[in-house]
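To start, the structure itself, in structure tokens.
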Amino acid sequence: MSDLRRKIRLTRLGAHFVFVGCFAMLGGALRGFNLLLVVAGLIIGALLMQWRWARSACESMSLERQLPDEVFAGQSLRIHYQVANHNRWLTIWLLGIEDRVSVARSGVIQPMRTSLSKIRRGATLTVPLEMVATERGQLTFGPSVLSTSFPLDLLAARIEDKRQPTQLVYPRLFELKRGWQRLLSSRHGGMSNPIQRSGRSEGDFMGLREYRIGDKLRWIHWRTTARMDEPVVCQYDQPRRYDLCLLVDAYLPTPHADDGHVEDAISVAATIVVQLAAVGSNRIVLAIAGRDPVAAPASGSIESQRRLLAMLARAEATKNPLFADAMLKARSTAGRFRDMVVISPRSIEDAMSELPEQTGAQLGTWLRRGALRWVNVSDPQSSPCFHVS
């Protein structure tokens, strides 16, 4: 309650009333016109009645804003305003709620408004307001204002919430196409696989199939085998463990260049993080090579996913992304990892030509080992598994 500021202000109509009332009072006093004095008395009476009503409403109301736990770019963001009337006798009519949101990345300030017809005495209502989060990054809300000028619109009772909470908008999520996992397969020809089987269990049951040489006896489904008079085994979707570093190349040629491909790269990384970080058996490290290189591992918990998504939401693109620092932080955070997947808005040839010689040599070593997969989101042929805008 200490963050709420209560005020009573003259409306434009109220200012006109004050002017007319002063004119009528002055004219009636100087000229002795009783009719003008009567008019002045009516105006002052209306103002006093409105002031008394506005004061009661101002003392009775309270406002609180509730933000969602998480929101992704391109999705609807629903804000709830909790309006309470603490007066046991007064019903408050015609309330308006005004708020504004400031987008940190673009600096745009967007006003928001909603209304409430009435709130009964002793009641508490929740008023929803929706907006679309068009881009990732931090949103700052407030200050919000709850006001009413009922009944005569001469004075407005205003309650201003000075708090300015923030909401982090995660990157936009893309729709995965069938077979998107091949983006993570950096080796070809059956030599080795970055995907390792994990755990003792056979995995989730998928169905039945005919017996093949090499199948284990415990896989046999005996009831179906007896009925079909031939061996039938259970087929399982065995759990897999990915052991890789997901590196985002936050490259922007010039400060005023179109950052659409950079945003696509960050969104692709966020999509992969959401898919893989939720599985505790996966060993994923997210590294961002941008203005401020960062890295963090995924632990399989919701808090871990949100931490990685928050890193992507705050990522800043630059002309000289710090690849070496990002890889060093990834190694210091999670130790050695088997493979690396780079999500980039440019081709690997362009990156090698612009990166420092030492960093290019490190990436070349990964490439020669067959442990590097470079995904160029600006090339549809290079990223066929995502619906990239």
Item to check | Cut-off 11 Å between beta-carbons: net charge of the residues surrounding residue 64, Lys and Arg +1, Asp and Glu -1 | outcome: 0
Checklist outcome for this item: Phi-derived 3J(HN,Hα) across the stretch 110-118 with the Karplus relation (6.51, -1.76, 1.60, θ = phi - 60°), rounded Hz, x for Gly and Pro, is 10, x, 9, 9, 8, 9, 9, 5, 6
Item to check | Amide N of the stretch 264-294 lying under 17 Å from the label point, which is placed 7 angstrom from the Cα of residue 175 along Cα→Cβ | outcome: 268, 271-272
Checklist outcome for this item: Heavy-atom accessible area with a 1.4 angstrom probe orders 80, 86, 261, most exposed first, as 86, 261, 80
Item to check | Amide proton proximity set for residue 221, modelled H, under 5 Å, gap of 5+ | outcome: 232, 233, 234
Item to check | Residue order for 292, 259 - accessible surface, 1.4 angstrom probe, largest first | outcome: 292, 259
Item to check | Average accessible area per residue (Å²) across the stretch 211-324 - probe 1.4 Å, nucleic acids and ligands excluded | outcome: 50
Checklist outcome for this item: At R0 = 45 Å the Cβ-Cβ FRET efficiency linking residue 91 and residue 132, nearest 0.05, sits at 0.85
Next on the checklist: Restricting to bridges with both residues inside the chain, how much of the DSSP beta-bridge set is antiparallel, in percent to the nearest 5?
Outcome noted: 75
Item to check | Helix axis angle, 12-31 relative to the chain longest principal axis, alpha carbon, degrees | outcome: 10
Checklist entry - Quick one: net charge of residue 264's neighbours, Cβ under 14 Å, K/R +1, D/E -1? => result -4
Checklist entry - Once the whole set of protein chains is in place, how much accessible area is left on residue 120, using a 1.4 Å probe, in Å² to the nearest 10? => result 140
Item to check | J(HN,Hα) series, the stretch 119-135, from Karplus relation 6.51 cos²θ - 1.76 cosθ + 1.60, nearest Hz, glycine and proline x | outcome: 9, 6, 4, x, 9, 10, 10, 10, 10, x, 9, 10, 9, 9, 7, 7, 8
Checklist outcome for this item: The percentage of the accessible area of the stretch 1-89 (probe 1.4 Å, all protein chains present) made up of carbon and sulfur atoms, to the nearest whole number, is 61
Item to check | Rough spin-label spacing in nm, given labels placed 7 Å along Cα→Cβ, for residue 23 and residue 320 | outcome: 6.9
Next on the checklist: Could you tell me the calculated FRET efficiency between residue 303 and residue 379, based on Cβ-Cβ distance and R0 = 41 angstrom, to the nearest 0.05?
Outcome noted: 0.75
Checklist entry - Stretch residue 333-residue 350 to full length: gain in nm at 0.36 nm per residue minus the Cα-Cα span? => result 3.3 nm
Item to check | Added length on full extension, which subtracts the Cα-Cα distance from 0.36 nm per residue, residue 164 to residue 224 | outcome: 15.1 nm
Checklist outcome for this item: Under a Gaussian network model of the chain whose springs join Cα atoms within less than 10 Å, the largest fluctuation of 70, 130, 230 belongs to 230
Checklist outcome for this item: Long-range amide H partners of residue 169, meaning residues 5 or more apart or on another chain whose placed amide H is closer than 5 Å, are 137, 138, 139
Item to check | Cut-off under 5 Å, modelled amide H: who pairs with residue 77 long-range | outcome: 131, 132, 133
Checklist entry - With all protein chains present and a 1.4 Å probe, how do 348, 79 order by accessible area, largest first? => result 348, 79
Checklist entry - Using a cut-off of 21 Å between alpha-carbon atoms, which lysines can reach residue 118, once sequence neighbours fewer than 8 places away in the same chain are excluded? => result 7
Next on the checklist: If I build a Gaussian network model for the chain, linking alpha-carbon pairs within less than 10 angstrom, which residue out of 95, 173, 246 has the largest mean-square fluctuation?
Outcome noted: 95
Next on the checklist: Could you derive backbone 3J(HN,Hα) for the stretch 38-43 from the dihedral phi with the Karplus parameters 6.51, -1.76 and 1.60 (θ = phi - 60°), listing whole Hz in sequence and x where the residue is Gly or Pro?
Outcome noted: 5, 4, 4, x, 4, 5
Item to check | Under 20 Å from the Cα of residue 162 - aspartates and glutamates, other chains or at least 8 residues apart | outcome: 3, 59, 64, 98, 99
Checklist entry - For residue 121 and residue 82 in one chain, what is 0.36 nm times their gap in residues minus the Cα-Cα distance, to one decimal in nm? => result 12.6 nm
Checklist entry - So what is the accessible area of the stretch 1-63 per residue, in Å², with the probe set to 1.4 Å? => result 68
Checklist entry - Over the stretch 240-389, what is the percentage of antiparallel beta bridges among all DSSP beta bridges, to the nearest 5? => result 20
Checklist entry - In nm, to one decimal, how far is the residue 102 label point from the residue 281 one, both placed 7 Å along Cα→Cβ? => result 4.8
Item to check | Euclidean distance of C-alpha centroids, the stretch 50-92 and the stretch 269-318, integer Å | outcome: 36
Checklist entry - Under a point-charge model restricted to the Cβ atoms of Lys and Arg (+1) and Asp and Glu (-1), what is the dipole moment magnitude of the stretch 258-345 relative to its Cα centre, in debye to the nearest 20? => result 460
Checklist entry - Between residue 49 and residue 10, what is the label-to-label distance in nm when each label sits 7 Å out along the Cα-to-Cβ direction? => result 2.0
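The values are calculated or read from the model by the stated rules, or taken from the named source; none is laboratory data. Keep in mind that this is a model prediction, so the values were computed, not measured. Cβ: placed from backbone, ideal geometry, glycine included. Neighbour counts: every protein chain shown. Heads up: the accessible areas ignore ligands, DNA and RNA and are worked out on the full protein's heavy atoms, side chains in. Shrake-Rupley method; radii C 1.70, N 1.55, O 1.52, S 1.80 Å.
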